[in-house]
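As structure tokens, the structure follows; a few thoughts come after it.
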Amino acid sequence: MLHTMGDDPYSLHVVVGASAAGSLATGLRDTGRDDQIACFPDDLSFGPIDPPDPAARMEWIAGRFNIEWENVAAEANFWDRVLSWPGQRIVWLSRRSPREYAGFLEIIRRVDDRSCDVINITDANVACRASAARDRVYRATTVALLQPEAFLRSEILTRLTPLTPSKRREISNYGITFAGKTPHCA
């Protein structure tokens, strides 16, 4: 069942990565929406994720790559905001992006039974202006690469679906170990 975003001024769009947040902010603004955006700063597609400890991840990344990973404070602020949000939460993802999908799984795990909607662009075809004469249609691969005109020329916002209890179970049983959960591989 699809439903649309209402006029609730308390809609919070949840994305993974700063680039996705920027694309979404521009796209929403161009459609006349001024919803809030929360950006999950970490990239859970690599490194230790079980248990979900940002400090341990930061230490592991520094030791392996000799870089400073400064997402710990930003991640704490992200979780405080998302988990205490009083209105509609809308989580964006593409399963074609390991970073977005790994982040999505952790967001859904932590949101738990709180209400949540999802916009999954994995199989979306989106249109953008290729020239003054025509649009170009392309397969969306990641929220981070959505062009602002895709929000106007495509029906991307109509992909909003509620995260039902059965869909939550399906996600949690997908077969990936997150935060001590046992994988269920078929």
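Values in this text are rule-based calculations from the coordinates and carry no lab data. Here the structure is a predicted model, which means the values were calculated and not measured. Don't worry about glycine lacking a Cβ; one is built from the backbone with ideal geometry, like all the others, and counts go over all protein chains shown.
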- Message: Run the numbers for Leu83 and Asp30: contour at 0.36 nm per residue of separation, minus the present Cα-Cα distance, in nm.
- Response: 16.3 nm
- the stretch 12-172: C-alpha gyration tensor shape, a/c 1.5 cut-off, then a/b vs b/c: prolate
- Task: Using 0.36 nm per residue of separation minus the Cα-Cα distance, give me the extension gain between Phe46 and Asn173 in nm, one decimal.
- Result: 43.7 nm
- Item | For the stretch 5-70 and the stretch 100-168, distance of Cα centres in Å | 15 Å
- Note on the structure: The size of the Cβ-based charge dipole (Lys, Arg +1; Asp, Glu -1) of the stretch 12-172 about the Cα centre, to the nearest 20 debye, is 660 debye
